[in-house]
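The values are calculated or read from the model by the stated rules, or taken from the named source; none is laboratory data. Since this is a predicted model, take the numbers as computed values, not measurements. Please note: Cβ atoms are built from the backbone with ideal geometry, for glycine as well, and neighbour counts cover all protein chains shown. When the accessible area is computed, the model is the full protein with side chains, heavy atoms only, and any ligands, DNA or RNA have been set aside. Shrake-Rupley method; radii C 1.70, N 1.55, O 1.52, S 1.80 Å.
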Amino acid sequence: MAVLHYTLDFKLRAPADVSATVRGLQSIFQEQEMTENVHDSEGHGYLATFVGKNGRFAILRMHSHGLVTFDLQCLEGDDVVQVDNLLNALEKKLKALLDGNIQRIKRLPALIRGSDVDRYWPTADGRLMEYDIDEVVYEKDSAYQNIKILHSRQFGNMLILNGDVNLAESDLPYTQAIMGSGKEHYAGKEVLILGGGDGGILHEAVKLKPKMITMVEIDELVIDGCRKHMRKTCGNVLDNLKGDCYEILVQDCVPVLKKFAEQGRMFDYVINDLTAVPISTAPEEDSTWEFLRLILDLSIRVLRPGGKYFTQGNCVNLTDALSEYEKLLCRLSCKVDFSKEVVCVPSYMELWVFYTIWKK
C-alpha cells in the first residue's frame, strides 16, 4: 500500500494575519471531519496537523516570513474526488482570504511514496526525476551490485544499477556517442569493450563488420537480465558468449587488461563503458578516481598507434568533476590529447559528456 503526498504552496508578498486566515479555513476541515491539533512553533508562525477519515493526515503551516504550505498524505485507494475537492476548496478559500497578497501559487501532482514500483530516480547533478515506470521487469542482487530492469512507457525497459539509471531501450544516442558518433571506421578493426553488459555497444559494433570484438564484463547477472529483457538494445548478441566476430569474457577487466599489455595485444578502439566520472571530487571518491586512472593507463597501453579510446564523462552540469577528469588526462603515463561531445541521452533527461582520447 503506497501513500500519496500532495503539496499546495502560497508565496505571499507580506506576512498574513494568521488568526483571521486560520478562522477562515476552519469550516473546510470541519466539513472533511478532520481533527485539528495546533503545535507550538516557538514564534515561527502557525503550525497545525489534521487527522481525518481513511487515514488522511495534513500539515498546515503559515510561516512568519510570508509562506503558507499545506501537505496532505492519504493512502492509495482513497477517494480521489474527495481529496481533489479538499485541495480545491482550500485553494479557493486561501485565494479569497489572502486576496492581493499572493505572489505565487504552486500545486504539485501527488508524490507516490512506498509503492512497489519506484518511479523516482535522481539525475547526476542531484535533481529528482519522476519516470513513467509501471513495472519491475527484473531484479537481482549480484556479488557486485543491485540490478533492476524497469519498464517505462516512454523509454522502454531501463537498466538501473545500484540506483543509477544506466541505459534504456530509447538510448541509442548514448551508444552512438560512446562509439564515436558515426565518424569512425570499424570495418576490419580490433575492438575492446570494457563493461557494456547491456549489450548495446556490442550489438551496434557487430553491424560495422570489425575483425574482432573482445568484450569484458564482470557481472554475468547483468548480461542475463539484458539478454532476456533488453532485446531492443542488445538484439541477439548476448545469446552466446562467442559469435563470428566477437567474444564476451565474464571477468574483471583489470587483470585482463594487464594480461593483454604483457602479451603485446593491441586494439584499434577501446570503449570504456565501466563507470561515469565521479560526481564528487571529495577525498572519499579517491578510490574511484584512482580506478579511472588505472583503466586509462592500461587501455592506452593496449591501444595501437592511431587508435582511439572512447568513454563517457558525466552530466554537463558537473563542471568541477569533468575539469578534474581532464586534469587526470594530463597525468597519465604517456601524453594524450582528447576531444569531447555533449549528447542528450533520452532516459537520463540531461545532457551528457563523452570523451575521445588518443596518444599524442
| task | Would you be able to say whether some residue in the stretch 338-346 is at pLDDT below 95 and of a type in the set (A, V, I, L, M)? | result | no
| message | Could you check the stretch 180-209 and list, in sequence order, the residues that are surrounded by fewer than 24 Cβ atoms within 10 Å (Cβ to Cβ) and touching a residue at least 40 places away in the same chain (Cβ under 8 Å)? | response | Gly180, Ser181, Glu184, Tyr186, Lys189, Glu190, Gly195, Val206
| query | Looking at (1) polar (S, T, N, Q); (2) surrounded by 12 or more Cβ atoms within 10 Å (Cβ to Cβ); (3) more than 30 Å from the chain's Cα centre (by Cα), which is the only condition Asn54 fails? | reply | (2)
| Can you tell me which residues in the stretch 215-239 are open to solvent by 30 Å² or more (accessible area, probe 1.4 Å) and either farther than 16 Å from Glu204 by Cα or part of a strand (DSSP E or B) (or both)? | Ile218, Glu220, Leu221, Asp224, Lys228, His229
| request: Taking only the stretch 7-27 into account, find how many residues are in contact with a Lys or Arg (Cβ under 8 Å, 6 or more places away or on another chain) and surrounded by 17 or more Cβ atoms within 10 Å (Cβ to Cβ). | output: 3
| Quick check, is Ile279 open to solvent by 50 Å² or more (accessible area, probe 1.4 Å) and not polar (S, T, N, Q)? | yes
| message | Criterion first (part of a helix (DSSP H, G or I) and open to solvent by 30 Å² or more (accessible area, probe 1.4 Å)) does Asn37 satisfy it? | response | no
| field | Count of residues meeting criterion [exposed (fewer than 13 other Cβ atoms within 10 Å of the Cβ) and either of a type in the set (Val, Ile, Thr) or not in a loop (DSSP other than H, G, I, E, B) (or both)] in the stretch 123-134 | value | 3
| query | Is it the case that the stretch 27-46 has a residue that's hydroxyl-bearing (Ser, Thr, Tyr) and touching a Pro at 6+ places or on another chain (Cβ under 8 Å)? | reply | no
| field | Residue identified as surrounded by fewer than 16 Cβ atoms within 10 Å (Cβ to Cβ) and without any contact (Cβ under 8 Å) to a residue 40 or more places away in the chain among Lys92, Lys106 | value | Lys92
| Just wondering, is there one or more residues in the stretch 292-302 that are under 21 Å from the mean Cα position of the chain (by Cα), closer than 21 Å to Phe354 by Cα and of a type outside the set (D, E, K, R)? | yes
| task | Could you grab me the full set of residues in the stretch 317-360 that are assigned to a loop (DSSP other than H, G, I, E, B), free of Cβ contacts under 8 Å to residues at least 60 places away in the same chain and open to solvent by less than 50 Å² (accessible area, probe 1.4 Å)? | result | Leu332, Cys334
| note | Within the stretch 140-155, restricting to residues that are polar (S, T, N, Q) and under 14 Å from Glu169 (Cβ atoms), the one that is surrounded by the most Cβ atoms within 10 Å (Cβ to Cβ) is Ser152
| Can you tell me which residues in the stretch 144-201 are within 23 Å of Tyr355 (Cα to Cα), among the β-branched types (Val, Ile, Thr) and assigned to a strand (DSSP E or B)? | Ile160, Val165, Val191, Ile193
| remark: Given the conditions (1) part of a strand (DSSP E or B); (2) of a type in the set (A, V, I, L, M, F, W, C); (3) closer than 30 Å to Ser280 by Cβ; (4) open to solvent by less than 70 Å² (accessible area, probe 1.4 Å), every one holds for Val137 apart from (3)
